[in-house]
Structures are given as structure tokens and as C-alpha cells.
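J.: Pasting a structure here, questions to come.
The values are calculated or read from the model by the stated rules, or taken from the named source; none is laboratory data. Note that the structure is a prediction, hence the values are computed from the model and not measured. When we count neighbours, we look across all protein chains shown, and the Cβ atoms used for this are built from the backbone with ideal geometry, even at glycine. Ligands, DNA and RNA are excluded from the accessible area calculation, which covers all protein heavy atoms including side chains. Shrake-Rupley method; radii C 1.70, N 1.55, O 1.52, S 1.80 Å.
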Amino acid sequence: MYAVILAAGEGMRLRPLTRTRPKPMVPIANRPLLEYVLEAVADAGIEDVILVVGYKRERIQSHFGDGNDWEVDITYAVQEKQLGTGHAVAQAEPYIDGEFIVLNGDRIIDSSLVSHIADDATPAPAVAIRRSETPSAYGVVSLDGDRVVSVDEKPTGRTLTSDLINAGVYKFTPSVFDAIRETDTVGESPITAALDTLAAEGSVQAVRYGGRWLDVSVPWNLLSVNSSVLDETGSHVDTAAVVHGSATIAGPVDIDEDVHVHPNATLLAGTSLGANAEIGANAVISNTVVLPDATVEAGAVLHDCIVGSNSVVGANATASGGDATVALAGELYESARLGALIGDNVDIGGGVTLAPGTIIGNDATVHEGTTLDGHVEDGATIRRG
Ligand SMILES: CC(=O)N[C@H]1[C@@H](OP(=O)(O)O)O[C@H](CO)[C@@H](O)[C@@H]1O
């Protein structure tokens with residue numbers, strides 16, 4: 001049985017992080033999101049993986065190679081243009097000759113769901129469904145018993161027919177490729193359109209799933225998913241990290257290789273520090289993801305933040321989460337728990353104050369003593385006053 005994993009998307013709402021890395025490579029507890037998906041597949045005993053890659057695929061291919069380190073055999077299928085999840089599935093057609101499963105490459109799920117969907121007793125086509133408090137952000141599924149009646153993709157402004165959503169894990173036969181071709185109306189084909197067509201024919205089985213389902217769509221999801229994975233795995237400090245004896249760790253935290261934590265720094269729950277990151281004396285960091293090679297200087301205070309790789313947060317700078325209103329890819333989100341999202345190679349001067357929800361583009365410079373909110377473009381320089 002083949003598992004087709006969709007990993008071609010950009011993840012626009014995670015910009016600027018996804019300007020330099022595809023969404024499946026965004027780190028959760030210092031490991032790319034896609035590793036968790038591959039592990040769930042491998043743990044379910046599936047070895048044959050077709051990874052559909054596209055946006056910045058070199059990053060994925062150089063990290064995962066032939067997949068053998070994850071106990072799978074990876075074949076790469078390239079989706080040159082991101083023309084929808086159905087179009088992405090269709091890229092696997094040349095390799096498929098029987099039933100297969102499909103998973104989104106950016107949702108962390110239990111391997112038990114993969115086993116259940118892949119099991120011979122589960123008829124194809126099938127889709128995993130789960131309850132959601134925000135169904136309109138997903139594909140909303142209506143059921144008749146265990147049969148799917150319809151799939152309504154992101155029905156914003158429409159009446160919700162159910163609080164059940166498509167969990168992004170499917171089983172298909174090769175006939176889905178015809179359904180995908182038939183639903184390709186405007187040069188784009190979401191897999192949900194094909195699924196809706198198959199549902200109208202009366203054949204799609206719903207597989208109910210109430211287990212772990214961690215979705216990283218927006219920056220604050222990255223923080224909450226990082227934190228829940230740390231809660232599950234507990235603290236991990238790499239043996240090649242140097243943590244000063246006077247530093248306080250009130251975990252769970254994940255500290256990767258060659259990280260340097262200086263005296264009296266405080267690392268609180270939900271914090272991941274990427275390889276070679278440096279945390280200055282007396283800095284206080286909670287619920288924050290620091291990417292590799294970043295530096296947080298002495299006395300800085302970061303709550304609910306993401307610090308991109310190779311960026312510097314100057315001494316005594318502060319960024320704390322709160323109820324932020326944040327615009328992402330043209331959409332406004334309210335009550336977001338986000339301190340600041342700082343891109344890669346950003347230079348933030350000493351004493352800078354970042355208001356909740358500030359987003360700073362890659363390669364930006366913020367001069368010392370500045371107070372900032374909103375969005376800073378890639379490469380911009382912000383001067384005080
Ligand atoms: C077009 C498409 O594939 N939409 C899917 C897909 O949404 P994305 O926003 O593309 O990640 O995954 C969701 C859950 O993982 C599912 O609910 C939804 O129906």
C-alpha cells in the first residue's frame with residue numbers, strides 16, 4: 001500500500017518563515033513537521049511513500065533523501081505549480097496501481113489513524129473526519145450514518161451543515177484520478193471537490209477520529225503545536241548544548257545541539273531552541289520557538305514568539321503575547337496569542353519593544369529603542385521616532 005503525502009504547499013499564512021522554507025519543514029520541537037507525518041506512516045507499517053513536493057522542494061528532498069532514516073522508501077512526485085490538493089494527488093498517478101492512502105504533510109496525527117484508514121476492512125474511498133470548534137476553516141463534512149453526503153470546503157459566510165471536518169487523511173482507489181480530472185473546472189482542483197463528487201455517488205465512507213490532530217496553519221498554531229508536542233515528549237536537552245548551571249529551566253523545553261544558554265537565563269514551558277542558538281544572561285523566554293543560529297541577547301524577554309534563523313534580538317528587547325489582531329495573507333485574525341513573529345536574518349536592536357502580533361520580515365533591521373507593531377516588510381530598516 002502506498003501512502004501519498006502532500007508536501008508541495010507554501011503555507012502563505014506562515015510568511016515570512018515560509019519565504020525560505022516550505023511549510024512541511026517548519027520545526028516542531030526542533031524537527032520538521034513532515035517528520036511527524038512520516039513517522040505516523042512508518043509506525044503504521046507502510047513503507048512505500050510518494051512525497052508530492054513543489055514549493056522549495058530541494059529543502060525537503062535534501063533533508064529526507066530516500067527516506068530510509070525514517071524506515072520508509074520515498075519516491076518524489078513533483079507538483080510544479082500549486083494548483084490544489086487534488087492536482088497534487090494526481091501527480092502520484094504514474095506510481096499507483098491499487099488502493100492507496102493520502103495524508104496532508106502538515107498535520108500531526110496518530111499512527112493508529114493511518115493503520116485504521118489503510119486497513120483492508122476500511123473500504124475505499126474513505127475520509128477521516130473529526131469534530132472542530134472552527135469548522136468553517138476546513139472542509140465541512142455532512143454524514144448519513146457513516147456515509148459522507150457532502151463536503152463543503154471552507155464555507156465562510158454559509159450556514160454550517162455540521163461541525164464535522166475533513167481531517168485530511170483519505171483512502172482511494174485509482175478511480176479518484178478520474179474524479180479529480182472531472183472536477184478540474186478552473187485549472188485548480190482541490191481534493192475536496194473530487195471527494196464531494198464521489199460522495200454524491202454515495203460511496204464515501206467516514207472514518208471517525210478523535211485522536212491527536214495538530215494543525216499548523218497560522219503562526220500561533222506553531223507555538224501551541226510545539227508546546228503540545230513538548231508536553232507529550234517532555235524536556236530534551238541535547239548533549240552538545242551548554243546550559244549554564246545558574247539558568248532556570250521550567251520545562252518542558254527542547255534544546256538542540258550547540259545551543260548556548262548563559263547565566264541566569266530563564267526558559268519556560270513551550271520553548272524550543274534550534275541548533276547553535278544563543279540565549280543571553282538573564283533573558284526570559286516562554287512558549288517561544290527559536291530557530292537555528294538565532295541569538296537572544298542578555299535581558300531580552302520573549303513570550304509567545306517565533307525567532308527566525310540567524311536573527312538577533314537585542315539586549316533587553318521585549319515581545320509579549322496578548323490578544324493580538326493579526327493580518328495574514330490578506331485575512332484578519334482576532335484574539336491571536338502571538339508575541340512577535342520574527343523572520344530570518346533579522347537584526348533587532350537593544351531595548352526594542354514589539355507589540356503583540358508584530359510580524360517582521362526576513363532580513364529586516366530594527367534600530368535600538370524602537371517601539372513597533374504591525375508588519376515590517378522583508379529587508380526594511382526601521383529607525384526610532
Ligand atoms: C482543499 C483541501 O484539500 N482542503 C482540506 C485541507 O485544507 P488546507 O487548508 O488545504 O490545509 O486540509 C484540511 C484538514 O487537514 C481539510 O479540512 C480541508 O478540507
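J.: Between E188, E182, E257, which is more than 30 Å from K154 (Cβ to Cβ) and either out of contact with any Lys or Arg (no Cβ under 6 Å at 6 or more places or on another chain) or touching a residue at least 24 places away in the same chain (Cβ under 8 Å) (or both)?
T.: Values: E188 fails: more than 30 Å from K154 (Cβ to Cβ); E182 fails: more than 30 Å from K154 (Cβ to Cβ).
Among E188, E182, E257, only E257 is more than 30 Å from K154 (Cβ to Cβ) and either out of contact with any Lys or Arg (no Cβ under 6 Å at 6 or more places or on another chain) or touching a residue at least 24 places away in the same chain (Cβ under 8 Å) (or both).
J.: Kindly provide the set of residues from segment 12-24 that are within 16 Å of the ligand (Cβ to nearest atom) and buried (at least 22 other Cβ atoms within 10 Å of the Cβ), ordered by number. Walk me through how you get there before you give the answer.
T.: The first filter runs over segment 12-24 and keeps only residues within 16 Å of the ligand (Cβ to nearest atom), leaving 12-15, 18, 22-24.
Correct list: L14, P22, K23, P24.
J.: What tally of residues in segment 206-249 results from selecting those that are of a type in the set (F, W, Y) and under 14 Å from G270 (Cβ atoms)? Even if it seems obvious, please write down each step before you answer.
T.: Of the residues in segment 206-249, the ones of a type in the set (F, W, Y) are 209, 213, 220.
Add one more test, that the residue is under 14 Å from G270 (Cβ atoms), and what stays is 220.
So the answer is 1.
J.: Still on this model: If we scan segment 196-204, do we find a residue that is crowded, with 17+ Cβ neighbours inside 10 Å and not in a helix (DSSP H, G or I)? First the steps, then the outcome.
T.: Applying the first criterion (crowded, with 17+ Cβ neighbours inside 10 Å) to segment 196-204 yields 196-199, 204.
Subset that is not in a helix (DSSP H, G or I): 204.
Looking for residues that are crowded, with 17+ Cβ neighbours inside 10 Å and not in a helix (DSSP H, G or I), one finds at least one in segment 196-204, hence yes.
J.: Looking for whichever is over 26 Å from the mean Cα position of the chain (by Cα), within 16 Å of the ligand (Cβ to nearest atom) and open to solvent by less than 60 Å² (accessible area, probe 1.4 Å) here; the options are S162, S142. Which one fits?
T.: On the way: S162 fails: over 26 Å from the mean Cα position of the chain (by Cα).
Checking each option against the conditions leaves just S142.
J.: A further question follows. Just to be sure I understand the filter: pairs with C-beta atoms under 7 Å, separated by 6 or more residues or on different chains, first member in segment 164-175 and among the β-branched types (V, I, T), second member within 6 Å of the ligand (Cβ to nearest atom) and not in a loop (DSSP other than H, G, I, E, B). Which pairs pass?
T.: I165/G139
J.: Taking segment 119-130, which residues are open to solvent by 20 Å² or more (accessible area, probe 1.4 Å) and away from the ligand (no atom under 16 Å from the Cβ)?
T.: Correct list: D119, D120, A121, P123, A124.
J.: A follow-up question, please. Scan segment 31-86 residue by residue and report those that are open to solvent by less than 40 Å² (accessible area, probe 1.4 Å) and out of contact with any helix residue (DSSP H, G or I) (no Cβ under 9 Å at 6 or more places or on another chain).
T.: G65
J.: Taking only segment 278-298 into account, find how many residues are at negative phi and either part of a loop (DSSP other than H, G, I, E, B) or crowded, with 24+ Cβ neighbours inside 10 Å (or both).
T.: As a first pass, look at segment 278-298 and keep what is at negative phi: 278-281, 283-286, 288-292, 294-298.
This time we only want the ones that are either part of a loop (DSSP other than H, G, I, E, B) or crowded, with 24+ Cβ neighbours inside 10 Å (or both), so: 279-281, 283, 285, 288-292, 294, 296-298.
Residues flagged as at negative phi and either part of a loop (DSSP other than H, G, I, E, B) or crowded, with 24+ Cβ neighbours inside 10 Å (or both) within segment 278-298 amount to 14.
J.: Could you look through segment 32-85, keep only residues that are acidic (D, E) and over 16 Å from S111 (Cβ atoms), and pick out the one that is nearest to the chain's Cα centre (by Cα)? Show your work before the answer.
T.: Let us first name the residues in segment 32-85 that are acidic (D, E), namely 35, 39, 43, 47-48, 58, 66, 69, 71, 73, 80.
Checking which are over 16 Å from S111 (Cβ atoms) leaves us with 58, 66, 69, 73, 80.
Values: E58: 18, D66: 22, D69: 21, D73: 23, E80: 21 Å.
This residue is E58.
J.: Return the total of residues in segment 323-353 being assigned to a strand (DSSP E or B) and either aromatic (F, W, Y) or open to solvent by less than 10 Å² (accessible area, probe 1.4 Å) (or both). Working first, answer last.
T.: At the first step, the residues of segment 323-353 found to be assigned to a strand (DSSP E or B) are 323-328, 331-337, 340-342, 347-348, 353.
Among the residues that remain, those that are also either aromatic (F, W, Y) or open to solvent by less than 10 Å² (accessible area, probe 1.4 Å) (or both) are: 324, 326, 328, 333, 336, 340-342, 348.
Looking only at that region, the number is 9.
J.: Considering each residue of segment 354-381, count those that are buried (at least 20 other Cβ atoms within 10 Å of the Cβ) and either under 22 Å from the mean Cα position of the chain (by Cα) or among the charged types (D, E, K, R) (or both), and give that number.
T.: 8
J.: So, in segment 165-180, how many residues would count as being open to solvent by 10 Å² or more (accessible area, probe 1.4 Å) and away from the ligand (no atom under 12 Å from the Cβ)?
T.: The number of residues fulfilling the criteria is 4.
J.: Got a sec? Which of E153, E188, E133 is surrounded by fewer than 20 Cβ atoms within 10 Å (Cβ to Cβ), within 27 Å of the chain's Cα centre (by Cα) and near the ligand (Cβ under 9 Å from one of its atoms)?
T.: E153
J.: Give the number of residues within segment 250-277 that are of a type in the set (A, V, I, L, M, F, W, C), open to solvent by 40 Å² or more (accessible area, probe 1.4 Å) and touching a strand residue (DSSP E or B) at 6+ places or on another chain (Cβ under 6 Å). So that I can check it myself, show each step before the final result.
T.: First, the residues of segment 250-277 that are of a type in the set (A, V, I, L, M, F, W, C): 250, 253, 255, 259, 261, 265, 267-269, 273, 275, 277.
If we keep only those that are open to solvent by 40 Å² or more (accessible area, probe 1.4 Å) as well, we get 250, 268-269.
Then keep just the ones that are touching a strand residue (DSSP E or B) at 6+ places or on another chain (Cβ under 6 Å); that gives 250, 268.
Looking only at that region, the number is 2.
J.: I'd like to verify a number: residues in segment 181-218 that are in contact with a Gly (Cβ under 7 Å, 6 or more places away or on another chain) and closer than 20 Å to R147 by Cα, how many?
T.: 4
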